[in-house]
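Read through the structure below, which is laid out as structure tokens, and then see the notes.
A short reminder: the numbers here are calculations on the coordinates, not readings from a lab. Remember, it's a predicted structure, so these values are computed and weren't measured experimentally. For neighbour counting, all protein chains shown are included, and Cβ atoms are generated from backbone atoms with ideal geometry for every residue, glycine included.
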Amino acid sequence: MTRPAMFRRVWHALLDLLYPPSCLSCGADVTQAGLLCGPCLVQSQPVVQPFCRTCATPQVSQAMLGDGGCCPACERHPPLWGQARAAFVYTPVIRSLVLQLKYADRLENAAFLGQRMVHAGADMLRPGVLLVPVPVHRWRLLRRGYNQAALLAAHIARRGGFEHVPDALVRQRATASLARFSREARWVEVEHAMTVRATRRNQIAGRHVVLVDDLLTTGATATACVAALQQAGAARVDLLVAAVVPAREEVDISLLDMPKPASHM
């Protein structure tokens with residue numbers, strides 16, 4: 001073992017003594033920092049086969065998928081992107097992780113979710129892909145201090161050695177939080193809101209881009225991003241998210257929005 005590796009192991013052991021590791025979701029004791037406890041892990045519901053290849057939504061049986069591996073909704077209305085992968089279904093446990101990352105500075109959640117996203121997107125994360133996160137508007141970035149999609153993309157890039165361009169996409173205008181919008185209103189709100197930064201267009205042209213975000217709900221935001229990337233000359237755009245909201249239809253808004261959680265101490 002190298003000296004730096006030995007130092008890191010000793011340092012983490014000391015931290016565990018001072019601050020016993022706890023479950024990212026419920027706070028129960030765990031053996032190692034950055035993990036879920038057993039009960040929360042059981043409730044996390046990873047996306048496994050069979051699932052739709054274009055919206056990542058789990059299906060009750062393989063028979064629900066067409067010849068191309070798409071669900072009936074995607075066959076009727078194919079999304080603008082190529083394929084989509086999701087690490088988890090948006091269950092209450094994953095909702096807690098995503099919203100605490102997004103609103104409560106729980107940046108350690110990005111490492112856990114990013115690791116699972118690497119596994120979920122293994123078939124699309126091939127050498128030569130370019131990771132691009134869904135952007136937030138500059139005013140929201142100033143208030144929050146970070147873009148949760150960019151954090152996820154950075155973790156994925158580090159784990160797999162992929163190229164990562166965190167500022168490739170720009171949200172040209174501030175859009176309202178979409179959580180309480182109807183499906184149709186979401187599409188109107190984000191229409192023409194995204195563009196590719198002029199200085200990044202050469203990096204996008206001709207590339208296989210994997211768009212990274214925390215959630216896939218109706219697909220309105222992802223579609224606006226994909227359209228901008230395609231206009232900049234991307235050869236292919238796929239989508240990789242931490243969680244998918246089941247069934248591309250209206251869902252209980254209480255699962256999508258919540259008051260800002262208290263900071264984790």
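Charging the Cβ of each Asp and Glu at -1 and of each Lys and Arg at +1, and nothing else, the dipole of the range 36-121 about its Cα centre rounds to 80 debye.
Where Rh denotes the Kirkwood radius from the mean inverse Cα pair distance, what is Rg over Rh for the range 33-95?
Details: Rg = 13.8 Å, Rh = 12.8 Å.
Over the Cα atoms of the range 33-95, Rg/Rh equals 1.07.
Under 5 Å between amide hydrogens, built in the peptide plane, is the criterion, and for Cys26 it picks out Cys37 among residues at least 5 positions away or on other chains.
Please find the FRET efficiency linking Ala198 to Trp139, where r is the Cβ-Cβ separation and R0 is fixed at 22 Å, and quote it to the nearest 0.05.
Values: r = 21 Å, r/R0 = 0.93.
It comes to 0.60.
Stretched out straight at 0.36 nm per residue, the stretch from Arg126 to His77 would grow longer than its current Cα-Cα span by 14.9 nm. What's the FRET efficiency of Gln231 with Ser61 using the Cβ-Cβ distance as r and R₀ = 41 Å, to the nearest 0.05? Working from the Cβ atoms, E equals 0.60.
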